Amino acid sequence: MPKDLRVATGPAALRGKPITLRLDGRAIRAFEGETVGAALHAAGERVLMRSIKYHRPRGLFCCTGKCAGCLMRVDGTPNVRACVTPAHDGMVVETQNAFPSARRDLFAVVDKAYPRVLDVHEQLARAPLLRPIHHAIVRRMAGFGKLPDLKPVPPRRPAIRPLEADVLVAGGGPSGLAAALAAAEAGARVALVDEGDRVGGSLLLTSDDEGRHGAARAEETLQRLRAAGATVLPRSVVFGLYGTDGHGDALPAPGLAAILTPERILECSPRTVIVASGAHETPPLFPGNDLPGVMGARAALILLHRHGVLAGERILVSGESAWRRAAADDLAKAGAEIVSAPGARVAEARGGRRVESVALSKGEETWSEEVDCVLAAGNETPRVELVQQAGGRLVAQGWALAPEGERAAPRVFACGSVLGPATLAERLAQGARVGREAAR
């Protein structure tokens, strides 16, 4: 039986009551407050799905709902992101696009039979009678699961409602919180929108020099925000900035913001918008980078600090960034064994259904290390969609694009990780500066 990877100390150790969910018919222990992905990872379930074409194993990578490594069928609904879905007692979780299950998928023979490429459009191109049969088989073996179970038709969503605000802040991480507080205390009507169940973003994954956890700092900021009259919308997202109304007439900058909340859609016509949408982690570049057990360094910190779950027992942390150092330090304190390989490059991750070892290289020297987890740090892509919709200019930044500066577009400001890597102190100072300017 796999070792339970939950830890007994830290901010996330105050768990809710025990519950049970079922994975492909098997009982899995979980706790209220955990996500489905965290509960399964803690129980040793690494393979959560199979890739749609080659049936390669997939597992947790970002833990923020920004990749497709954990799509599962939950209570009859396919393609649910397990990493951000709260677990509840009696929940039925199923793997999809696999036979008989993702753990042991017979369709994985496709990956072995076609190690380079499988082009179904060229196969049997000169056999018109067999091609329809062949394509029907391919469609059966590929895709994103089956249609949802039939359920009662949900009640119609309430009508779209207006939201009044002078300053709309998209993103509740360190810089977004600082910007919202500065604008609110400058006298502006502020609305802060964040997609997380708890506002704070990466602040919830850090501690300051005095040992105080960032979650306490986030809660203090939220209390000051509400005291200043700000509207705070968790589990919500600004999904569009529109420059015209429903009749095609141009709107004054920054335009109309559309916000999706758990209850309804809101429309807001703020005087200024602050984009603090942050960045998401992307996979590193080496063979085997899609094996379960390869995940982002920030994802490992989410598992640890939000759910009290270790990413693995013997972990290699690669890349160079503040998240690398934080992940190595915090995981070591929590009881994980950290493999140190300063200056080395990951040449390959190896394993069957999960990472079992890595090949490392440094100059002319190469060697292997047995690990069950590889954390990639420094591979981040800024989330610039709202800046793009507002007409903001983007500049190349490594592999990604980022807004050109804090004044991203007319009456649209940007701050935090969406502008590129920065320390926590820099993000807080930048957010406060942008918040005061937006309010002015």
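The values are calculated or read from the model by the stated rules, or taken from the named source; none is laboratory data. From a predicted model like this one, the values you see are computed outputs, not experimental measurements. A quick note on method: Cβ atoms are made from the backbone with ideal geometry, for glycine too, and the neighbour counts reach across all protein chains shown.
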Seminar exercise, completed: The number of residues in segment 165-210 that are aliphatic (A, V, I, L, M), more than 25 Å from residue 329 (Cβ to Cβ) and part of a helix (DSSP H, G or I) is 6
Exercise. When segment 332-343 is examined, which residues are found to be modelled with pLDDT of 90 or more and in contact with an Asp or Glu (Cβ under 9 Å, 6 or more places away or on another chain)?
Worked result: 335, 336, 337, 338, 339
Exercise. Does any residue in segment 151-174 that is in the same structural domain as residue 268 (by TED's automatic domain parsing) and more than 21 Å from residue 270 (Cβ to Cβ) come within less than 6 Å, Cβ to Cβ, of a residue that is in a strand (DSSP E or B) and of a type in the set (A, V, I, L, M) six or more places away or on a different chain, and which pairs are these?
Worked result: none
Problem set entry | Selection status of residue 245, among the acidic types (Asp, Glu) and in contact with a Gly (Cβ under 7 Å, 6 or more places away or on another chain) | no
Seminar exercise, completed: Residue count, segment 394-411, condition over 22 Å from residue 239 (Cβ atoms) and not hydrophobic (A, V, I, L, M, F, W, C), comes to 6
Problem set entry | Residues satisfying the stated conditions in segment 402-427, i.e. assigned to a helix (DSSP H, G or I) and surrounded by 23 or more Cβ atoms within 10 Å (Cβ to Cβ) | 416, 417, 418, 419, 427
Problem set entry | Matching option when the condition is of a type in the set (Gly, Ala, Ser), more than 25 Å from the chain's Cα centre (by Cα) and assigned to a helix (DSSP H, G or I), among 328, 438 | 438
Problem set entry | Subset tally (residues that are surrounded by fewer than 13 Cβ atoms within 10 Å (Cβ to Cβ) and hydrophobic (A, V, I, L, M, F, W, C)) for segment 352-396 | 3
Exercise. Listed residues 314, 306, 353, 345; which is among the basic types (Lys, Arg), closer than 26 Å to residue 419 by Cβ and either in contact with a helix residue (DSSP H, G or I) (Cβ under 6 Å, 6 or more places away or on another chain) or not assigned by TED's automatic domain parsing to the domain that holds residue 417 (or both)?
Worked result: 306
Exercise. Which residue pairs have Cβ atoms closer than 7 Å, lie 6 or more positions apart in sequence or on different chains, and pair a first residue in segment 93-119 that is in the same structural domain as residue 35 (by TED's automatic domain parsing) with a second residue that is of a type in the set (Phe, Trp, Tyr) and in a helix (DSSP H, G or I)?
Worked result: 98/107; 99/107
Seminar exercise, completed: residue 134: passes all of (1) out of contact with any Gly (no Cβ under 8 Å at 6 or more places or on another chain); (2) closer than 26 Å to residue 81 by Cα but (2)
Seminar exercise, completed: For segment 2-16, pairs from a residue that is at positive phi to a residue that is part of a loop (DSSP other than H, G, I, E, B) and at pLDDT 65 or above, with Cβ under 9 Å and 6 or more apart or across chains, are 10/308
Exercise. If a residue has to be β-branched (Val, Ile, Thr) and in contact with a Cys (Cβ under 6 Å, 6 or more places away or on another chain) to count, how many in segment 275-334 make the cut?
Worked result: 2
Seminar exercise, completed: In segment 217-251, residues that are touching a residue at least 40 places away in the same chain (Cβ under 8 Å) and either polar (S, T, N, Q) or closer than 19 Å to residue 387 by Cα (or both) total 9
Exercise. If you take the residues in segment 311-325 that are buried (at least 23 other Cβ atoms within 10 Å of the Cβ) and of a type in the set (A, V, I, L, M, F, W, C), which one is farthest from residue 372 (Cα to Cα)?
Worked result: 323
Seminar exercise, completed: Per the filter on segment 37-58, residues in contact with a helix residue (DSSP H, G or I) (Cβ under 7 Å, 6 or more places away or on another chain) and more than 30 Å from residue 138 (Cα to Cα) are 38, 41
Seminar exercise, completed: A careful count of residues in segment 167-181 that are over 19 Å from the mean Cα position of the chain (by Cα), of a type in the set (Gly, Ala, Ser) and farther than 10 Å from residue 428 by Cβ gives 1
